[in-house]
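Below: one structure, written as structure tokens.
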Amino acid sequence: GAGVSQSPRYKVAKRGQDVALRCDPISGHVSLFWYQQALGQGPEFLTYFQNEAQLDKSGLPSDRFFAERPEGSVSTLKIQRTQQEDSAVYLCASSPRGRGDYGYTFGSGTRLTVV
Amino acid sequence: TQLLEQSPQFLSIQEGENLTVYCNSSSVFSSLQWYRQEPGEGPVLLVTVVTGGEVKKLKRLTFQFGDARKDSSLHITAAQPGDTGLYLCAGETGRRALTFGSGTRLQVQP
């Protein structure tokens, strides 16, 4: 597609429930990034893929967070046993190059609310 | 914690006024980007600066990268209500992912 597509746009999960957030990057984009954005804050890095390889997962806050990009295109961010502190907007971005220094294209995000 | 500090955090001005937003860090960046984000949407890239001392202009917006590549500023001339949004700076440090600042929320009153 023309842009980065994320689904669902909104997700309400009960505490302890598992959730899966999907990202469709721009076709052909090599790099894919996941960020977490708390209300009123800038995005915080979670993880980075170059094609299907997860090159950096240092930002994942706990082992309940898991991301994959098995075929180098669509990516899924999974959160197990959700907690209230996981409530945030999860942003996906893609970039045509191996590094992000030429700008990212972001999706509209998934707003996760854990109740 | 954010490596990039933005100031001010909030700015409410009248249409036609000028403003400057600052982005500061103790780290050196290979490049620095500015994004604007509107409610319910992802950030949209405005500009990338890569050379120390570089100045880029985008209509009424002027972006400057500090000589030491540790800081940047965004100046808006004659602000309009359409400029309202969250302005984010983001730096590339050699890790493969951008580090974002805490953001400056701008509201321009008509």
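If you check A:Arg9, A:Arg15, A:Arg22 for being modelled with pLDDT of 95 or more and under 19 Å from A:Ser62 (Cβ atoms), only one passes: A:Arg15. For region B:74-83, the criterion of being within 13 Å of chain A (Cβ to nearest Cβ), open to solvent by 10 Å² or more (accessible area, probe 1.4 Å) and either charged (D, E, K, R) or not in a strand (DSSP E or B) (or both) is satisfied by no residue at all. Within region B:10-37, which residues are at the interface with chain A (Cβ under 10 Å from one of its Cβ atoms), at pLDDT below 95 and surrounded by fewer than 13 Cβ atoms within 10 Å (Cβ to Cβ)? Of everything in region B:10-37, just one residue is at the interface with chain A (Cβ under 10 Å from one of its Cβ atoms), at pLDDT below 95 and surrounded by fewer than 13 Cβ atoms within 10 Å (Cβ to Cβ), namely B:Ser30.
Filtering region B:40-66 to residues that are part of a loop (DSSP other than H, G, I, E, B) and within 25 Å of A:Phe45 (Cβ to Cβ) leaves B:Gly40, B:Glu41, B:Gly42, B:Pro43, B:Val50, B:Thr51, B:Gly52, B:Glu54, B:Gly66.
Restricting region A:19-35 to residues that are in a strand (DSSP E or B) and open to solvent by less than 40 Å² (accessible area, probe 1.4 Å), which is farthest from the other protein chains (Cβ to nearest Cβ)? If you could, list the steps in order and put the result at the bottom.
Residues of region A:19-35 that are in a strand (DSSP E or B), as a first pass: A:19-24, A:31-35.
Narrowing further to those that are open to solvent by less than 40 Å² (accessible area, probe 1.4 Å): A:19, A:21, A:23, A:31-35.
Working: A:Val19: 19, A:Leu21: 13, A:Cys23: 11, A:Ser31: 7, A:Leu32: 11, A:Phe33: 6, A:Trp34: 9, A:Tyr35: 8 Å.
It comes out as A:Val19.
The set of residues in region A:1-16 being open to solvent by 70 Å² or more (accessible area, probe 1.4 Å) and in contact with a strand residue (DSSP E or B) (Cβ under 8 Å, 6 or more places away or on another chain) consists of A:Gly1, A:Arg9, A:Tyr10, A:Val12, A:Lys14, A:Arg15.
Is at least one residue of region A:63-72 modelled with pLDDT under 95 and aromatic (Phe, Trp, Tyr)? No, the conditions are met nowhere in region A:63-72.
Screening B:Gly40 with (1) at the interface with chain A (Cβ under 9 Å from one of its Cβ atoms); (2) touching a residue at least 60 places away in the same chain (Cβ under 8 Å); (3) on the phi > 0 side of the Ramachandran plot gives one miss only, at (2). Looking only at region B:84-110, residues that are open to solvent by 40 Å² or more (accessible area, probe 1.4 Å) and more than 8 Å from chain A (Cβ to nearest Cβ) come to 6 in all. Within region B:49-72, one or more residues are surrounded by 17 or more Cβ atoms within 10 Å (Cβ to Cβ), among the β-branched types (Val, Ile, Thr) and out of contact with any Pro (no Cβ under 8 Å at 6 or more places or on another chain). If we scan region A:48-64, do we find a residue that is under 10 Å from the mean Cα position of the chain (by Cα) and either open to solvent by less than 10 Å² (accessible area, probe 1.4 Å) or of a type in the set (D, E, K, R) (or both)? Looking for residues that are under 10 Å from the mean Cα position of the chain (by Cα) and either open to solvent by less than 10 Å² (accessible area, probe 1.4 Å) or of a type in the set (D, E, K, R) (or both), one finds at least one in region A:48-64, hence yes. Of the listed requirements (1) open to solvent by less than 10 Å² (accessible area, probe 1.4 Å); (2) among the acidic types (Asp, Glu); (3) more than 9 Å from chain A (Cβ to nearest Cβ), B:Glu5 misses just one: (1).
The values are calculated or read from the model by the stated rules, or taken from the named source; none is laboratory data. Treat the numbers as computed from the prediction; the structure is a model and nothing was measured. Quick reminder, even Gly has a Cβ in these numbers, built from the backbone with ideal geometry, and neighbours come from all protein chains shown. Quick note on the areas: whole protein, heavy atoms, side chains included, nothing else; ligands and nucleic acids left out. Shrake-Rupley method; radii C 1.70, N 1.55, O 1.52, S 1.80 Å.
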